[in-house]
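Q: Please find one structure pasted underneath; my questions will follow.
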Amino acid sequence: MNPIEKYFNAEKYESVLFVLVGIVAIAVATYFFLKVKQPFYSGMAYPLIAVALIQIVVGSTVYVRSPKDITRVNEIVQTDNTKIQTEEIPRMEVVMKNFDIYRWVEIVLIVAGMVMFFYFQPMTTFKGVGLGLSIQAGFMLLLDFFAESRGKVYLEYLQQMVK
């Protein structure tokens, strides 16, 4: 498997994980709302659902887009290698810069969630929101770490192609 296919297939497989985690988070949140019905657990449910919706949308988008990206980049390599320098490398540089933004947003959300969790009284809605937010932001940070690592390898591969 060439590095292009390897990168985009890994993105596709991780996107399935994003969607599955989102579905599980919604199922857990629904259980909290319908069965547990306690403020702490209802509080946890809000960020679980909010971030799960993002996970499902992003995961689905990447899953659908990845095969098209493989075809697009392989075609560029076969027909007009200069587009690697003018199109794909700049696109990946933007993707990599976005990971910096995502990382800081996720860290801020984890810290905010932990502050809420430790600041508010036991078993309150806001304490639950804090825990749910920290869990979801932590999971996103972890998955983005792996995606960023793959992106670095792919970008280096692209840069080596044009030297």
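Taken together, the values in this text are just the output of simple stated rules run on the coordinates, not laboratory data. Keep in mind the model is a prediction, meaning the values are calculated, not measured. Virtual Cβ from ideal backbone geometry, glycine too; neighbours counted across all protein chains shown.
Q: What number, in nm² with one decimal, is the all-direction average of the projected area of the convex hull of the alpha-carbon atoms of the chain?
A: If I average the Cα hull's projected area over directions, I get 9.7 nm².
Q: How high is the relative contact order of the chain, in percent, with contacts defined as C-alpha pairs under 8 Å that are six or more residues apart?
A: Details: 196 pairs, mean separation 49.8, N = 163.
Averaging sequence separation for qualifying contacts and normalising by length gives 31 percent for the chain.
Q: Using a 10 Å cut-off on Cβ atoms, rank the peptides 138-151, 40-53 from the highest mean neighbour count down.
A: The packing order, highest mean first, is 40-53, 138-151.
Q: Turning to a different aspect of this structure: Determine which residues of region 117-140 fall in the zone a paramagnetic label at residue 58 would reach in this model, i.e. backbone nitrogen under 15 Å from the point 7 Å along Cα→Cβ.
A: 133-140
Q: In addition: Helix 3-31 sits at what angle to the longest principal axis of the chain, using alpha carbons and giving 0 to 90 degrees rounded to 10?
A: It is inclined by approximately 10 degrees.
Q: What is the fewest-to-most order of 82, 61 by other Cβ atoms lying within 10 Å of their Cβ?
A: 82, 61
Q: Sticking with this one: Consider a paramagnetic label point 7 Å from the Cα of residue 99 along Cα→Cβ; state which residues of region 10-42 have an amide N under 13 Å from it.
A: Only 11 pass the distance filter.
Q: Any idea which of 23, 135, 46 is furthest toward the positive side of the dipole for region 3-161, if Lys and Arg beta-carbons carry +1 and Asp and Glu beta-carbons -1?
A: Of the candidates, 46 comes out farthest on the positive side.
Q: What Kirkwood hydrodynamic radius do you get for region 86-142 when you take the inverse of the mean 1/r over all pairs of distinct Cα atoms, in Å?
A: Mean inverse Cα-Cα distance, inverted, gives 12.5 Å.
Q: Per residue of region 94-110, in order, report the coupling 6.51 cos²θ - 1.76 cosθ + 1.60 (Karplus, θ = phi - 60°) as ³J(HN,Hα) in whole Hz, putting x for Gly and Pro.
A: For region 94-110, the Karplus-derived couplings read 5, 4, 5, 5, 5, 4, 4, 5, 4, 4, 5, 4, 5, 5, 4, 5, 5 Hz, x marking Gly and Pro.
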